[in-house]
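The values are calculated or read from the model by the stated rules, or taken from the named source; none is laboratory data. The structure displayed is predicted, hence computed values, not measured ones. Neighbour counts are summed over all protein chains in view; Cβ atoms, including those assigned to glycine, are modelled from backbone coordinates with ideal geometry. Calculation scope for accessible area: heavy atoms of the full protein, side chains included, ligands and nucleic acids excluded. Shrake-Rupley method; radii C 1.70, N 1.55, O 1.52, S 1.80 Å.
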Amino acid sequence: MDVNTAFSWLLIFPMISSAVIYLVGRTFSRSVKIENRTNPARWLALLALLVTGVFLYFVIKNVFSTGQTHYQNFGEVWFRFDGISLLLSLLVLVLGILVTIYSFTYVGKEPGEEKFYALLVIMIGAINGLGCALDLFNLWVWFEVMTISSIVLVAFYKDQAASLEAGVKYLIQSATGSVMVVLGIALIFLETGTLNIETLRMSISSPTPFLIIGGALMVIGFGVKIAMVPLHTWLPDAHSQAPSGISAMLSGVVIEVGLIALLRALGGIALSGGRWGYLLIGFGVLNMIVGNLLALRQKEVKRMLAYSSLSHVGYMLLGFGVLISLNGLMAGVGAIFHLITHGLMKSLAFLAAGVFLYNFHISKGSHKPLILDDLNGASRKYPFTAFAFSIALLSLGGLPPLAGFMSKWQLLAGVAQTQNTIMIVLVVFAGLMSVLSLGYYAPLVNRMYRKEPAAIVMEGEPVSIWMYIPMVILTLAVVVLGFVPSILYWLTGPAGYSLFIFFGQ
Amino acid sequence: MLQIEPLVIITILVPWIGALVVWLIGDRHEKIQHVCAVVFSTTAAISSIAMLWVYRSGTVLSFSMGSSYGNFSFVTDGLGLFLATVATVIGALTIIFSVDYMRGSAQLGRYYSFVLFFIGAMVGLVLTSNLLLMFIFWEITALCSYALISFYNDDPKAVSGGIKALIITQVGGLGLLLAAALMYAYTGSFDINIFISNPSLFPSNILGVMAFGMLIAAAAKSAQFPFQTWLPDAMEAPSPISALIHAATMVNAGVYLLARFYPAFKDVPGWTLSVMIVGMLSALMAALMALVANDLKRVLAYSTVSQLGYMVYAVGAGGILASQFHLFSHSVFKALLFLAAGAVIHSVGTRDMREMGGLGKELPFARTVFIIGSLALAGIPILNGFWSKELILEAGLEHGNPIWIYVVMLIVAGLTALYTIRCVWMVFYGEKKQGQHIHPIGRNMKIALTPLAIGALTTWILIGPFSKMMSLSLPVHFIQEIDLGQLFNHVVFAPATWIALAVIALGIMTWFGKPALSGIQEILKPIAGIAQESFGFERINKFIVDATQGMGENLRTTQTGKLNWNVFYILVALVVVFAVLMIGA
Amino acid sequence: MNISTSMIVLTAVMGLFGIGLYCLLITRNLIRVLVGLQIMVKGAMLVLVFVGQSQGQPSLGQSMALTVIVADTIVAVVGLALAVQVKRSIGTLDIADISKLKR
């Protein structure tokens, strides 16, 4: 297939198919009264994502065969398919497909199932677009589409007070953030007269107040979405209340997408001084410590996982900050690797927690949160799920030989490579934070392997096959990446380099 | 003919495959699990023994892993090879012991999987020459240790003991992580052998950071001052685990690390002295604590810390061979002691020595082997502990090392004899307690204990090949080869030996003469009190944990969940970022 | 565009932004919070039109503003729909009462 066609379809196809999914699903659920028939929306969603994957394949094939990034324009708006786009599209599609399969059971009995799939597909499409956008304003548009679809997904249980509350908070805070981003874009445009990130980069010679204010507004605006401390307050609510598949997507991809968007935007104005990287490092340090401390005493499993996302974003911020300000290509590559592994292991953790939540509570019509005590002795009845959850948690805690260790290592080695004393201190700090995080992961693992199961465990429903498939795949991925991290070099290397050429002086 | 390359792979991977197999068999087929675990661990042991005949220096295997991971390479020099042998052989013996000890226990698959996983990782740890890979194996052993300490997850003490061990060794592991990161940052490679032959490639301050980072890592892993608190709590693990991981193998990794890097760091100012002091403090404090503890396994744990202190001290004093030789002896006799203690505990059903007493008649086999182990621990000739301890004390007098540390170590030798005899007495002699139901000791337990008891009597004969292997394969460590006759001359005709023996004898006499020494006991009472409180280290640990938890709890109150406050935080962040950027500009 | 006009527009933008933010900070009624958000967004639209004008690309500025209007409308719709559901299932629109999720 021609690369231009494939690329156009990559952007357009999810949008079209989302509408189709919704219409077909809606018609079906209105017309068919028989309860046991499955809604075709789920299969359509899976199909749509697979077809998008085919388009992606053609684009990737072209990019790798020519060895160059792919540029394409729709009118004045330019797109660029580079290492970062590749990484983001691939990660979001893989996780999206797994989450779709997982949700066959999870939202299968809910009314409005078709909305779920339609929104999920649109969200994935928006992330695809965001990864390639080369125009600041266009970047914002994709970002907004992603945000809105994820807000509706968070408030999916629209009769539940808690999930509505999470949705409201998420909406207000994201919207505040995105207004700031618009303002920042406007100021940068006012200063330079262009919105194209590459042109922008060339037209800037010195830092001016407007550029700095614009940049700061974008840091904060995107920062809300990245959940930089103290802008993170929506995150634990949204992640814990969303259907677990969506929690996995939010934590595994969406907050990282905010980070990528911020890096893209900052890439345009990076030459206005090297301080942006230090700013990110500062937020990274704050994120690590606050995220870990908040998770330490958490009683709800999904909230704990949400707070742990804060600390993991902190690691990525540290890596990217070093890439920006200290020319640490390796740290950037490490941060990207950590982005991938975090996506995999955090999704796995949320999916496994979701299995427990669904079988203990949701399938019985209750919307109680999953608390730590519910997991006592869970391995007795759910051996595989408990195992997968343990793998995910220990990997998040950075224990070898799991993927989480490898990516943290690469990141920290890259940070140390700067040979800067403060950075070396930060390596120790980050390591210490990783140890601290074991303080809440490890007891949870121990809990699941008790001999005496909690009553709720024994009353739990059996796990459906659709939930097993994604968990098996993700568990394998986390373990295999821990043993052979090099199999992802083709992905992390180009992505890191794409970022590097934006910021390299 | 035998080739070294496949043997290395077999020794690491066979236990790991075994771990997978045992886990996949599932807990419903207990018998098959037992058999599988024994078969796989014995295979690894045989393969590692076979390596002793074909070892050679230099890299034997190397897998390229790309940029930030270096080449995952393996060497089979004396230092690593003998530890690998110890790990697999004692591993196999503990697994045989476990067949009786763990019979009928729930979740047996998890138990055996982690033990086998541990054995493979331990072998990898000592055979690799890539610092990053060493760190990875280092952490895997910590993971296994944690999982096995808290094997009885329903017991909160076991869980907290496991987590404590994990956290403390991880904190120490940061030192190793930092060293690895710095090594990579300054050379772009992880090869240990290149590093120890040319430490001058590094700026001296960086080398200092690495040296002390490694010392922290080693101290945490080997339960040395000031990290010693985790080992006694680790005694909640099943006894075979205590024997294997917390006496014979994993805790030696710290000593191994120090010995391995000694040539690179010996010129770092203050490093050797710090190593000696760490060893001395651990040896002294742990011996005092062993003197007042009443839990049989805790006594052994303290004595492990104390003996590891000797080894650390020996490394600091420049006696690499002495430290490794004592490590060898210690692995054998301490594994013997722990397994024998496990057999006793299994029979009696309690770990408190005050509830034992007079068990010698019921358990003659356990008594015999336990006493052999104890005599070795106390340093009585001609058992292996005697020879190696004398070598250490002699090394302490060489190289112009401070004499006062030597004197303290000498006193510790006396204390060792004292607490050992106290322990033996309380368990096997004295008056019999009422109402005990005593199980006989199983056949597999005896099978595992016998070779260890023979080992404790005889391993010192191996000094010739042992030192030859070390001196041939470790060119930069400058280890002297000595044969049996030289050892004999060396030890028997040194005045230090006789002084040490006198001190040991004094220690033993103190036990028998204790009614006459009540005055001294009165003087020592406050020290005993402090020793029982672990010299305040437990309190420091508790304070750190509580402070962190309290901080977490307090921070949670800032998460009000009120939308207005959340928006306010956004505004604050905006203002702060503006301010920072303006000041920065 | 002369300097004074720019100043007036920028002041207006700052004003709208400030009013909106103030509204978000102190009001407790969910509808009013959404209104505050709208005011902020109006400031953003104004600034987009203005920068398009001052950079000599008025059509670009306007089209951006239009896009923001569309996006903002969707946000408002979703927000109001949520507000309706909140009123239905919680029974209040006071955001001080919609703060069960915390810590």
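Scanning segment B:538-552 for residues that are touching a residue at least 40 places away in the same chain (Cβ under 8 Å) and open to solvent by less than 30 Å² (accessible area, probe 1.4 Å) yields nothing. Screening segment B:164-237 for helices (runs of 4 or more DSSP H) wholly inside it with 1 or more residues that are within 11 Å of another protein chain (Cβ to nearest Cβ) returns the ranges B:204-221.
Please verify whether segment A:410-418 includes one or more residues that are open to solvent by 50 Å² or more (accessible area, probe 1.4 Å) and either part of a helix (DSSP H, G or I) or at pLDDT 90 or above (or both). No, segment A:410-418 has no match at all. Residues satisfying the criterion are present in segment A:358-377 (criterion: within 14 Å of chain B (Cβ to nearest Cβ) and open to solvent by less than 10 Å² (accessible area, probe 1.4 Å)). Of the helices (runs of 4 or more DSSP H) that lie entirely inside segment A:116-208, those containing 1 or more residues that are open to solvent by 30 Å² or more (accessible area, probe 1.4 Å), more than 8 Å from every other protein chain (Cβ to nearest Cβ) and within 30 Å of A:N39 (Cβ to Cβ) span A:136-154. So, A:A495, is that one surrounded by 21 or more Cβ atoms within 10 Å (Cβ to Cβ), free of Cβ contacts under 8 Å to residues at least 12 places away in the same chain and either within 23 Å of A:L326 (Cα to Cα) or out of contact with any Lys or Arg (no Cβ under 9 Å at 6 or more places or on another chain) (or both) or not? Against the criterion (surrounded by 21 or more Cβ atoms within 10 Å (Cβ to Cβ), free of Cβ contacts under 8 Å to residues at least 12 places away in the same chain and either within 23 Å of A:L326 (Cα to Cα) or out of contact with any Lys or Arg (no Cβ under 9 Å at 6 or more places or on another chain) (or both)), A:A495 does not qualify. Checking each residue in segment C:83-103 for being more than 10 Å from chain B (Cβ to nearest Cβ), touching a residue at least 24 places away in the same chain (Cβ under 8 Å) and in contact with an Asp or Glu (Cβ under 9 Å, 6 or more places away or on another chain) picks out only C:V86. Segment B:397-476 holds helices (runs of 4 or more DSSP H) entirely within its bounds, and those carrying 2 or more residues that are among the aromatic types (F, W, Y) map to B:403-428.
Scanning segment C:1-12 for residues that are surrounded by 14 or more Cβ atoms within 10 Å (Cβ to Cβ), aliphatic (A, V, I, L, M) and at pLDDT below 90 returns C:V9, C:L10.
Across segment A:182-203, not a single residue is classified as in contact with a Ser or Thr (Cβ under 7 Å, 6 or more places away or on another chain) and within 22 Å of C:V77 (Cβ to Cβ).
No other residue among B:A378, B:A395, B:A413 is in contact (Cβ under 8 Å) with a residue 24 or more places away in the chain, within 14 Å of B:V315 (Cα to Cα) and small (G, A, S) apart from B:A395. Across segment B:3-26, the number of residues qualifying as open to solvent by 80 Å² or more (accessible area, probe 1.4 Å) and over 23 Å from B:I140 (Cβ atoms) comes to 1.
Number of residues in segment B:553-568 that are open to solvent by 50 Å² or more (accessible area, probe 1.4 Å) and either touching a Pro at 6+ places or on another chain (Cβ under 9 Å) or in contact (Cβ under 8 Å) with a residue 60 or more places away in the chain (or both) equals 1. Scanning segment B:353-374 for residues that are open to solvent by less than 70 Å² (accessible area, probe 1.4 Å) and not in a helix (DSSP H, G or I) returns B:M356, B:G357, B:G358, B:L359, B:G360, B:L363. Among the residues of segment A:305-321, none qualifies, meaning not one is touching a strand residue (DSSP E or B) at 6+ places or on another chain (Cβ under 8 Å) and either within 11 Å of chain B (Cβ to nearest Cβ) or assigned to a helix (DSSP H, G or I) (or both).
In segment A:428-439 there is no residue that is surrounded by fewer than 17 Cβ atoms within 10 Å (Cβ to Cβ) and not in a helix (DSSP H, G or I).
Within segment C:58-68, is even one residue open to solvent by less than 50 Å² (accessible area, probe 1.4 Å), aliphatic (A, V, I, L, M), in contact with a Leu (Cβ under 6 Å, 6 or more places away or on another chain) and more than 14 Å from chain B (Cβ to nearest Cβ)? The answer is yes, given that some residue of segment C:58-68 is open to solvent by less than 50 Å² (accessible area, probe 1.4 Å), aliphatic (A, V, I, L, M), in contact with a Leu (Cβ under 6 Å, 6 or more places away or on another chain) and more than 14 Å from chain B (Cβ to nearest Cβ).
Does at least one position in segment A:149-166 carry a residue that is touching a strand residue (DSSP E or B) at 6+ places or on another chain (Cβ under 6 Å) and of a type in the set (A, V, I, L, M)? The answer is no, given that none of the residues of segment A:149-166 is touching a strand residue (DSSP E or B) at 6+ places or on another chain (Cβ under 6 Å) and of a type in the set (A, V, I, L, M).
Any chance segment B:155-162 includes a residue that's hydroxyl-bearing (S, T, Y), assigned to a helix (DSSP H, G or I) and in the same structural domain as B:K266 (by TED's automatic domain parsing)? Within segment B:155-162, one or more residues are hydroxyl-bearing (S, T, Y), assigned to a helix (DSSP H, G or I) and in the same structural domain as B:K266 (by TED's automatic domain parsing). Evaluation of A:A261 against the conditions (1) within 22 Å of A:G398 (Cα to Cα); (2) in a helix (DSSP H, G or I) shows that the sole unmet condition is (1).
The numbered conditions (1) at pLDDT below 90; (2) touching a Gly at 6+ places or on another chain (Cβ under 9 Å) are all true for A:V145 except (1). Among the residues making up segment C:32-57, those that are more than 7 Å from chain A (Cβ to nearest Cβ), open to solvent by 10 Å² or more (accessible area, probe 1.4 Å) and touching a Gly at 6+ places or on another chain (Cβ under 9 Å) are C:L34, C:V35, C:Q38, C:I39, C:K42, C:V49, C:F50, C:Q53, C:G56, C:Q57. In segment A:276-285, the count of residues that are of a type in the set (V, I, T), more than 30 Å from A:L211 (Cβ to Cβ) and open to solvent by 10 Å² or more (accessible area, probe 1.4 Å) is zero.
Kindly indicate whether B:F117 is under 21 Å from B:Y256 (Cβ atoms) and among the aromatic types (F, W, Y). Against the criterion (under 21 Å from B:Y256 (Cβ atoms) and among the aromatic types (F, W, Y)), B:F117 qualifies.
Can you confirm whether A:L235 is under 16 Å from the mean Cα position of the chain (by Cα) and within 30 Å of A:E191 (Cα to Cα)? Criteria not met by A:L235.
Scanning for something charged (D, E, K, R), open to solvent by less than 10 Å² (accessible area, probe 1.4 Å) and modelled with pLDDT of 90 or more, does segment A:287-300 turn up at least one residue? There is no residue in segment A:287-300 that is charged (D, E, K, R), open to solvent by less than 10 Å² (accessible area, probe 1.4 Å) and modelled with pLDDT of 90 or more.
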